[in-house]
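Written below as structure tokens is the structure these notes are about.
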Amino acid sequence: MKITDLKTFVVGNPWKNWIFVKLYTDEGITGLGEATGGLATKPHLGDLEELARFVIGADPAHPDALWRKMYKARFLTPVLAMAGIELACWDILGKSLGVPVWQLLGGQHRDRLRAYANGWYKGPRDPAFFAERAAEMAARGYTALKFDPFGGAYRQIDRQSERLALHIVRAVREAVGPDVDICIEGHDRFSVSHAIRIGRALAEFGPMFFETPVDSRDLAATLEVARAIPVPVALGERFSRVGEFVDLLAPRVVDIVQPEVMHLGLANLKKVCGIAEGCEALVAAHQAQSPFCTAVNAHLHASIPNFLIQENFDDSAEPWTWDLLRGVPRVERGYLPVPDAPGFGVELDEAEAARHPYGARNFMMLFEEGWETRRPAS
């Protein structure tokens with residue numbers, strides 16, 4: 001079997017542009033992948049266009065080998081486009097064999113996955129608003145919620161904004177009660193001293209973890225914070241090399257990792273899970289792309305013994321998303337069923353994709369438009 005063509009589809013939405021990759025083969029089997037970036041779109045499309053010459057004519061039945069070929073072609077620099085292509089190959093391989101991808105990854109450890117909701121708190125930086133929305137998500141069956149209460153703070157946070165952030169966390173905890181886990185997102189923003197102060201203050205609310213309180217790529221800072229606060233620290237979404245997880249986990253201070261398939265590819269992501277298991281660490285793979293990557297992570301998480309919880313933005317997605325992507329598993333009473341269709345089990349409706357063209361706006365414009373100025377008076 002050979003790859004005969006590569007096509008891309010950009011789907012605009014209020015959160016960010018989604019980039020889908022579709023590979024075609026000489027046997028008529030197609031595969032779907034995703035190469036969505038955080039804020040960038042056109043650079044990733046350019047990467048896909050350049051990588052196509054290394055992909056067309058290749059055998060899609062060897063996703064990891066093709067990843068290595070692209071990695072060398074980019075002079076040992078991984079890019080998101082590589083993940084999109086590799087995922088499409090896994091999809092083709094599963095379809096060609098008539099099995100779901102989790103079976104290719106070693107088999108199934110569980111048939112449902114505990115999920116936490118993200119993206120549910122888009123709106124004013126107001127404790128009452130956060131509490132209301134959190135209660136709604138808990139009523140839908142979610143037993144864990146993640147949110148960022150810190151507004152536009154970067155490196156430091158003034159005392160007024162810090163008090164507001166803690167009021168928001170308290171409001172969410174009171175709204176959902178003691179049995180719903182809360183996960184606090186730091187978005188890599190704080191200095192060590194601010195992260196330690198905030199991490200200690202958060203302990204009162206019993207969070208499952210404090211995610212990326214400092215720059216994720218600053219290992220010394222991360223370990224200093226993790227040793228100093230009584231709240232578990234989680235990170236890993238920015239890592240693009242398997243070895244970075246070795247360096248993170250070897251000191252045995254951090255025991256929750258969040259690898260991102262867009263930065264690693266699926267074969268490398270599975271290797272990271274093995275490294276984490278060897279260090280008695282748990283895996284909660286990061287996911288902030290389209291619901292297609294929800295399905296990708298579901299296949300991965302089903303195949304590993306050290307799964308913790310799955311990130312889920314899907315219940316905050318636009319209603320047309322479910323016309324765009326058919327076959328994505330949906331959260332039911334806080335749990336995600338594991339897909340059982342061949343490949344990833346997801347198909348892209350190209351006609352629906354065309355109805356949502358590239359958009360210039362993205363979620364970071366909340367900050368540019370004055371997130372902090374929209375907070376309520378204290």
- Answer yes or no as to whether Ile304 is of a type in the set (Val, Ile, Thr), under 17 Å from Asn118 (Cβ atoms), in contact (Cβ under 8 Å) with a residue 24 or more places away in the chain and open to solvent by less than 30 Å² (accessible area, probe 1.4 Å). no
- Query: Looking at the range 140-158, is at least one residue closer than 30 Å to Pro329 by Cβ and open to solvent by 30 Å² or more (accessible area, probe 1.4 Å)?
  - Reply: yes
The range 1-113: strands (runs of 3 or more DSSP E) wholly inside it with 1 or more residues that are closer than 26 Å to Glu352 by Cα, hydrophobic (A, V, I, L, M, F, W, C) and over 21 Å from the mean Cα position of the chain (by Cα) are 3-11, 18-25
Would you mind stating whether Arg133 is touching a Lys or Arg at 6+ places or on another chain (Cβ under 9 Å), buried (at least 22 other Cβ atoms within 10 Å of the Cβ) and on the phi < 0 side of the Ramachandran plot?
-> no
When every residue in the range 159-175 that is under 24 Å from the mean Cα position of the chain (by Cα) and crowded, with 20+ Cβ neighbours inside 10 Å is compared, the one farthest from Ser216 (Cα to Cα) is Val172
Within the range 276-299, the count of residues that are more than 22 Å from Val331 (Cα to Cα) and buried (at least 20 other Cβ atoms within 10 Å of the Cβ) comes to 2
Among Arg375, Arg355, Arg330, the single one that is more than 17 Å from Arg112 (Cα to Cα), modelled with pLDDT of 95 or more and among the basic types (Lys, Arg) is Arg355
Scanning the range 101-127 residue by residue, the ones that are in contact with a Pro (Cβ under 6 Å, 6 or more places away or on another chain) and either more than 30 Å from Ala165 (Cβ to Cβ) or without any contact (Cβ under 8 Å) to a residue 24 or more places away in the chain (or both) total 2
(1) among the basic types (Lys, Arg); (2) open to solvent by 40 Å² or more (accessible area, probe 1.4 Å); (3) more than 25 Å from Ala295 (Cβ to Cβ) all hold for Arg125 apart from (2)
Matching residues in the range 178-210 (open to solvent by less than 20 Å² (accessible area, probe 1.4 Å) and of a type outside the set (A, V, I, L, M, F, W, C)) number 6
If we keep only residues of the range 322-350 that are part of a helix (DSSP H, G or I) and touching a residue at least 60 places away in the same chain (Cβ under 8 Å), then the residue farthest from Asn13 (Cα to Cα) is Glu350
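When residues of the range 295-316 are filtered for being under 18 Å from Met137 (Cα atoms) and either in a helix (DSSP H, G or I) or out of contact with any strand residue (DSSP E or B) (no Cβ under 9 Å at 6 or more places or on another chain) (or both), how many remain? Before you say what the answer is, go through the steps one by one.
First, the residues of the range 295-316 that are under 18 Å from Met137 (Cα atoms): 309-316.
Keeping just the survivors that are either in a helix (DSSP H, G or I) or out of contact with any strand residue (DSSP E or B) (no Cβ under 9 Å at 6 or more places or on another chain) (or both) gives 314-316.
Residues in the range 295-316 being under 18 Å from Met137 (Cα atoms) and either in a helix (DSSP H, G or I) or out of contact with any strand residue (DSSP E or B) (no Cβ under 9 Å at 6 or more places or on another chain) (or both): 3 in total.
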Of the residues in the range 100-122 that are over 17 Å from Ala284 (Cα atoms) and touching a Lys or Arg at 6+ places or on another chain (Cβ under 7 Å), the one that is surrounded by the most Cβ atoms within 10 Å (Cβ to Cβ) is Tyr121
In the range 43-86, anything at pLDDT 95 or above, open to solvent by 50 Å² or more (accessible area, probe 1.4 Å) and among the β-branched types (Val, Ile, Thr) is listed as Ile56
Taking the range 243-273 and keeping only residues that are in a helix (DSSP H, G or I), closer than 22 Å to Ala302 by Cα and open to solvent by 40 Å² or more (accessible area, probe 1.4 Å), one is left with His263, Lys270, Lys271
Given the conditions (1) open to solvent by 10 Å² or more (accessible area, probe 1.4 Å); (2) among the hydrophobic types (A, V, I, L, M, F, W, C); (3) in contact (Cβ under 8 Å) with a residue 12 or more places away in the chain, every one holds for Ala40 apart from (3)
Does Ala317 satisfy the criteria of being of a type outside the set (Val, Ile, Thr) and touching a residue at least 12 places away in the same chain (Cβ under 8 Å)? yes
Checked against (1) of a type in the set (Phe, Trp, Tyr); (2) touching a helix residue (DSSP H, G or I) at 6+ places or on another chain (Cβ under 7 Å); (3) in a helix (DSSP H, G or I), Tyr121 satisfies every condition except (3)
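The values are calculated or read from the model by the stated rules, or taken from the named source; none is laboratory data. Being a predicted model, the structure only gives us computed values, none of them experimental. Positions of Cβ are generated from backbone atoms using ideal geometry, with glycine treated the same way; all protein chains shown enter the neighbour counts. Accessible surface is based on the protein model in full, side chains and every heavy atom, while ligands, DNA and RNA are left aside. Shrake-Rupley method; radii C 1.70, N 1.55, O 1.52, S 1.80 Å.
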